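Structure first, then comments.
The values are calculated or read from the model by the stated rules, or taken from the named source; none is laboratory data. All of these numbers come straight from a predicted model, not from anything done at the bench. Here the Cβ positions follow ideal geometry from the backbone for every residue, glycine too, while neighbour counts run over all protein chains shown. Remember, those area values only see protein heavy atoms, side chains included, never the ligands or the DNA or RNA. Shrake-Rupley method; radii C 1.70, N 1.55, O 1.52, S 1.80 Å.
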Amino acid sequence: MKFFIDTADVAEIKDLAVTGLVDGVTTNPSLIAKSGRPILEVIKEICDVVDGPVSAEVTATDHETMMKEAALLLKLADNIAIKVPLTVDGLKTCKALSDDGIQVNVTLCFSAGQALLAAKAGAAFISPFVGRLDDIGISGMDLIADIADIYANFDFDTEILVASVRGPQHVIDAAKLGADVATLPPAVLRSLYNHPLTDKGLDAFLKDWAKTGQSIL
Ligand code: E4P
């Protein structure tokens, strides 16, 4: 399973990239706004840090302008994936860009029917938002399972990119379902390292080790 980082905070991305666990980055207009920086500058910097796909989202709502925005974003680096919303114009843009060999991430997916359309439009990634579905009392993971079944039935190459991830359990559940990618807020990636018994066990080992008076080096 690949891990993307869901942030436009370059310092966070640099900090996590050194772990070797970061396979890509996703951004969206809200994350760019949170960074307080110009979109082109921040996306370019992220692409310099991470080799894998960096999703940069168009902000137009009509196909023609989406294509123009995509053309500008694609000039920034070779590893840009264009992110489009799951709308009629978004999927028209997805089809046109995918036909040109460009990676497209279709975002704001909340149903299996939408995911089917995105795959038929040639999306490299479909981003179902599990956390936002859970928030309204619908199981986000049931959606991941449905999409996985449908994509397997027809051998679609579109990768399932689990988005709107709220905690480690989402990552574990998505991994059990065979999702290709999870995009994680930095705090969620860091939380995957943690277990109280790891801390407790290490503390006990170090105390016992100190009593020996030994040193490996
Ligand atoms: C990533 O591609 C999505 O934009 C992001 O995961 C949305 O997460 P949120 O629901 O926490 O805003």
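With K and R counted +1 and D and E -1, the other residues having a Cβ less than 11 Å from that of N28 yield a net charge of 0.
Protein heavy-atom surface of the chain, 1.4 angstrom probe: 57% of the accessible area is carbon and sulfur, with nucleic acids and ligands not counted. When each of the peptides 100-108, 193-201 is scored by the mean number of other C-beta atoms lying within 10 Å of its residues, the order from highest to lowest reads 100-108, 193-201. The alpha carbons of the chain occupy a box of 71, 38, 30 Å along the principal axes, longest dimension given first. With θ taken as phi - 60° and the Karplus curve 6.51 cos²θ - 1.76 cosθ + 1.60 applied, the whole-hertz 3J(HN,Hα) list for the range 170-178 is 4, 5, 5, 5, 5, 5, 4, 7, x Hz, x standing for glycine and proline. Counting only Cα atoms, the range 143-217 measures 62, 22, 18 Å along its principal axes, largest extent leading. Across the range 181-193, computed HN-Hα scalar couplings (Karplus, 6.51 cos²θ - 1.76 cosθ + 1.60, θ = phi - 60°) run 9, 10, 9, 10, x, x, 5, 6, 4, 5, 5, 5, 6 Hz from first to last residue, x flagging Gly and Pro. What the range 1-154 shows is 45 Å² of accessible area per residue, with the surface traced by a 1.4 Å probe over protein heavy atoms. Considering only the Cα atoms of the range 11-120, their convex hull presents on average a projected area of 7.1 nm². Once both labels are positioned 7 Å from their Cα atoms along Cα-to-Cβ, the gap between N153 and D78 label points is 3.9 nm.
Between T87 and A204, the distance separating the two model label sites (each 7 Å from Cα on the Cα→Cβ line) works out to 5.7 nm. Under 5 Å between amide hydrogens, built in the peptide plane, is the criterion, and for K83 it picks out A56, E57, V58, N105 among residues at least 5 positions away or on other chains.
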